[in-house]
Ligand SMILES: [Zn+2]
């Protein structure tokens, strides 16, 4: 038995039954990371000693018969924009290259309280801006299926690490598809929860009204387990929803009989790679075979989602990232003449091109004289897109479609063309704009043996239906998801 | 040429909540630099604000006390600009939907009453403080004030003179003190004003070009700045110049202002709705709860003093201008019904002593009960009015009880008719000229004789007895 090949649920159960030791499991993962991540570059920081220390502590708690969570002893890893007290949180930026937060994000706190073991922090696009993890200041993460290809982004490190069995599960963040798209590229399961379901406290803000933390896991059952650990109201986050959160494990039912699923015709149109389209159409047939009712619907404003998304997210980012000025923490330029020059040099040297591009775009969109034409218009489009979804959800339980228009592309293939990169978000941004939950899971592989992701979008706070549909689909399709690129390294 | 000045005031008041607007740090003044702060108020990565409900409550109170409408739905916005005292590089404020709007307060300048409109009151957060250290190489930042809640009270351009500005500002300060939402300590910066001022020819309908003077932190500075800027603008226009719309810095030491930045150089603050905070909803129930907590306001208290205590309008206005003074008055009035005498003592000797010693009214060493007791001693004839002044001064100096001072100093009034008669006779025989004058019909000559008698008795003789005996002797 290979420890790292087990799912989170299997591992947790064996730890609870004392068939596996927490130190043994942690050691296995750390060894694997040490051996293979030199080729994958998914981790920014590995917490070797701290992980073994907490593994020992958790084992002691289990041995002494104390009540522990269903995830006790699971080695996990976090995207590097989730604050971890005493462990560097860099956002893959030179700006925060040495930033060591004196506080935990709420999710970090929850995972600690659940006796999980933090293995380290995962690579990402700088400040979560990008779809390929190529804009990281530190390293380019490779796709475990093909080391010449990107893992997607911005949570590329998280998706690659889960696909490579470097962790039992990981957390990512999703502002316009940053959990779902890399999950699709790496052949794993990624869920972006409803806006407000997971506390954003301690998630380094990119676009406050769109950001959401969510799990990236080996399978759907693990996704439900992780959701149980991280959802919930948090009084430290004013946008956190104060509702009753369900036990997501109860939705792991192999049954979608009678479930009404809408397939927006706009999601099968222009720009969609033909192999991906074919895979999705085939998946629809499979879903019908499982008892679901699949019908074509329309989300007519889909084409406006990308411009609205880039205006809103960049406007918020321009303000959120203004605090990185070299005064209080983080990078400060060495040479400057006065205060204004210090700001300019610090921000010029501390931020990469993509971050600067978004700050400039967002600053422009908020400027007096342009606000009404850009930012305000974008907010109006946002409302209309929400209305579109509401209309469809009157008659349907779920919306289904591709996660991304293509499979993983080659490193460097799109990084010189931001517009091409932005268009890759076409199927994911709408869920963020409308605040809805979305899940991506593998549905097929293309002719290059690269995974293709299928996405379900649900009603607000109805992650349960997403999990049920995804679980049923997964149980009835049984794909071989062993990353080919990784096996060449072993 | 006859000019008219047009002035609007933006007053910033720090709210007296215990904790800051978006975190649980204390708002206490002072403290070692950067000890009253946390990751939230210093803008660390990933932290989020949570609005302190008390801030809304206090701001709504201020709105209700100034006759504002209270918005049932308002929001907070980010005002973006770079400065080292602003750790997030934006100030969270309210832009187009303020919490309170459309209010008015009444002022009284030399008996002329006028209503001054309030455009709006909104909530926002204070910034930190830069410390320019001449010895260290550079500037240091203290974030203790960061996130201390403020309200900004914006008036309509309804003010027409420095006197009106002073009356408006004092009234506003008094209201805020009455409702206890701000301690209004100007020397600690918890109350400060920006003055928007323009001049125009009398009779002209359009406003002139205005300038703004920021962060005036004493009433004296506000008045001086208004007077100087009015003069500057009129002179500029008289000599054929034009007024430039600009922000000016008032230097109270030099008594002049200088230009900081023009309209063209003004910041584009790129306001937009703060996405980390929900809209502020003030429902009917909450509003009526806050309404019920509004105490008696200065104007109401003034009317009560006129009606209940039958004090002159002037006395009532002075006593109620500050809540501390009014409370002091009422504490004294509770033990002595001679309210006019209490009023006189407060407005006279007490105010004089406070000004001379430069102490705050809240730190008066004479308890109100003791002032009332002192007046009681006069009323009972235990001491003379003259001796009372001396007793008061000692009480103010030492904080002792009036009767203790009287005993220690031997200041009991002399009401021994034989002793007084002796002094009367002596005064008559020593001052034949005055006696002659009196008999010739100059009745005022009696004043001189009384003075001589009081002198001889060291001010302790009961004036009434002195008068009676003197007249009796003179008429003999
Ligand atoms: Zn704080």
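The values are calculated or read from the model by the stated rules, or taken from the named source; none is laboratory data. The model shown is predicted, which means the values in this text are computed figures rather than measured ones. All Cβ positions, even for glycine, are placed from backbone atoms using ideal geometry, and neighbour counts span all protein chains on display.
Would you point out the residue of segment B:53-73, among those that are in a loop (DSSP other than H, G, I, E, B) and touching a strand residue (DSSP E or B) at 6+ places or on another chain (Cβ under 6 Å), that is farthest from the other protein chains (Cβ to nearest Cβ)? Ranking the candidates gives B:67 first. For segment A:378-412, residues that are in a loop (DSSP other than H, G, I, E, B) and surrounded by fewer than 17 Cβ atoms within 10 Å (Cβ to Cβ) total 1.
Criterion first (over 28 Å from residue B:185 (Cβ atoms) and touching a helix residue (DSSP H, G or I) at 6+ places or on another chain (Cβ under 8 Å)) does residue B:398 satisfy it?
no
Considered as a group, the residues in segment B:6-24 that are under 26 Å from residue B:193 (Cβ atoms) and within 15 Å of the ligand (Cβ to nearest atom) include one that is nearest to the other protein chains (Cβ to nearest Cβ), and that residue is B:22.
Every listed requirement among (1) more than 15 Å from the ligand (Cβ to nearest atom); (2) closer than 26 Å to residue B:266 by Cβ; (3) buried (at least 19 other Cβ atoms within 10 Å of the Cβ) is met by residue B:95 save one, (3). Being in the same structural domain as residue B:79 (by TED's automatic domain parsing), closer than 18 Å to residue B:32 by Cα, away from the ligand (no atom under 16 Å from the Cβ) and exposed (fewer than 13 other Cβ atoms within 10 Å of the Cβ) is a description that does not apply to residue B:137. Out of curiosity, is residue B:238 surrounded by 17 or more Cβ atoms within 10 Å (Cβ to Cβ) and assigned by TED's automatic domain parsing to the domain that holds residue B:11? When the stated conditions are applied, residue B:238 does not pass them. Of the set (1) assigned to a loop (DSSP other than H, G, I, E, B); (2) in contact with a helix residue (DSSP H, G or I) (Cβ under 6 Å, 6 or more places away or on another chain), all apply to residue B:86 but (2). Of the numbered criteria (1) at pLDDT 95 or above; (2) within 16 Å of the ligand (Cβ to nearest atom), the one residue B:60 fails is (2). Among the residues examined, residue B:166 does not qualify as surrounded by fewer than 16 Cβ atoms within 10 Å (Cβ to Cβ) and not in a loop (DSSP other than H, G, I, E, B).
The condition of being facing chain A (nearest Cβ under 10 Å), more than 16 Å from the ligand (Cβ to nearest atom) and within 30 Å of residue B:208 (Cβ to Cβ) does not hold for residue B:3.
Report yes if residue A:375 is free of Cβ contacts under 8 Å to residues at least 24 places away in the same chain, within 12 Å of another protein chain (Cβ to nearest Cβ), within 16 Å of residue B:273 (Cβ to Cβ) and in contact with a strand residue (DSSP E or B) (Cβ under 9 Å, 6 or more places away or on another chain), otherwise no. Considered against the rule, which asks whether it is free of Cβ contacts under 8 Å to residues at least 24 places away in the same chain, within 12 Å of another protein chain (Cβ to nearest Cβ), within 16 Å of residue B:273 (Cβ to Cβ) and in contact with a strand residue (DSSP E or B) (Cβ under 9 Å, 6 or more places away or on another chain), residue A:375 comes out as no.
Among the listed residues B:57, B:106, identify the single one that is touching a helix residue (DSSP H, G or I) at 6+ places or on another chain (Cβ under 9 Å) and closer than 30 Å to residue A:199 by Cα. Spell out the reasoning first.
Numbers: B:106 fails: closer than 30 Å to residue A:199 by Cα.
After applying the criteria, what remains is B:57.
Screening A:177, A:190, A:157 for residues that are assigned to a loop (DSSP other than H, G, I, E, B) and within 25 Å of residue A:415 (Cα to Cα) leaves exactly one candidate, A:177.
Put simply, of A:324, A:336, A:309, A:304 the only residue that is in contact with a helix residue (DSSP H, G or I) (Cβ under 6 Å, 6 or more places away or on another chain) and either modelled with pLDDT under 95 or surrounded by fewer than 16 Cβ atoms within 10 Å (Cβ to Cβ) (or both) is A:336. So for segment B:35-46 (the condition being within 16 Å of the ligand (Cβ to nearest atom), touching a helix residue (DSSP H, G or I) at 6+ places or on another chain (Cβ under 6 Å) and either within 14 Å of chain A (Cβ to nearest Cβ) or touching a residue at least 12 places away in the same chain (Cβ under 8 Å) (or both)), does at least one residue qualify? Yes, because at least one residue in segment B:35-46 is within 16 Å of the ligand (Cβ to nearest atom), touching a helix residue (DSSP H, G or I) at 6+ places or on another chain (Cβ under 6 Å) and either within 14 Å of chain A (Cβ to nearest Cβ) or touching a residue at least 12 places away in the same chain (Cβ under 8 Å) (or both).
Of all positions in segment A:345-354, at least one carries a residue that is at pLDDT 95 or above and not in a helix (DSSP H, G or I).
Each row is one residue, and each column tells you yes or no for (1) in contact with a strand residue (DSSP E or B) (Cβ under 6 Å, 6 or more places away or on another chain); (2) assigned to a helix (DSSP H, G or I).
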site	(1), (2)
A:35	no, yes
A:52	no, yes
A:57	no, yes
A:60	no, yes
A:78	yes, no
A:89	no, no
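Every residue in segment A:157-198 that is within 14 Å of chain B (Cβ to nearest Cβ) and out of contact with any strand residue (DSSP E or B) (no Cβ under 8 Å at 6 or more places or on another chain), please. Passing the criteria: A:175, A:195, A:196.
Looking across B:443, B:400, one residue alone is without any contact (Cβ under 8 Å) to a residue 60 or more places away in the chain, under 49 Å from the mean Cα position of the chain (by Cα), outside the structural domain of residue B:366 (by TED's automatic domain parsing) and not in a helix (DSSP H, G or I). It is B:443.
Listed by first and then second residue, the pairs with beta-carbon distance under 9 Å, at least 6 apart or on different chains, first residue in segment B:80-91 and more than 7 Å from chain A (Cβ to nearest Cβ), second outside any strand (DSSP E or B) and at pLDDT below 95, are B:81/B:267; B:81/B:268; B:83/A:339.
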